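Q: Attaching a single structure in structure tokens format; questions to follow.
Just so it is clear, none of the values below were taken in a lab; they were calculated from the coordinates. Model, not experiment: these values are computed from the prediction.
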Amino acid sequence: MSYVDGSPGLGATVIGVAAASIATGPTLMALFGIVDLLLQGDRSTLSSLGAEWGSTFFIFVTLMSLIGSIPAACFNAYLLRLGARNEMDGPWFAALSGAVIGALAAVVGGLGAFLIFLPLTGAFMGLLQWSIAIRPLRRDRRSA
């Protein structure tokens, strides 16, 4: 359930952080694939990566994404908890905070090439955390 102050409990927060951290790599690859398909009209880049590396590349990107996504997900969980405490618990707040964290990660990490992908990935991860940790509390608060 939740604490008295309306913020999510530790269990929901940990599950939200873990889900968002693990899902970052696959989400980033999916967004890259969509943009690649839209810009090139075929799957040439992803097909060549898949043909050469197979699932090893997918696992590598997922594991490497954990390095940056765990601290980002923890910081976003903190922001979502503050937002829930102040009744700013809408999905828009989760998406916006995740996108800002993603943009900061791209700039601070010197990943200019990912400046398009990381804010969008961050928004999706913020919404995932919101759906796990915040949404159930919001539903309870609104029904009371």
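Q: If amide H atoms are built 1.01 Å from N in the plane of the peptide, which residues on other chains or at least 5 residues away come under 5 Å of the amide H of G9?
A: HN-HN under 5 Å from G9: Y3.
Q: Taking θ = phi - 60°, what integer Hz values does the Karplus form 6.51 cos²θ - 1.76 cosθ + 1.60 yield along segment 60-67, in sequence order, with x for Gly and Pro?
A: 4, 5, 4, 5, 5, 5, 4, 4
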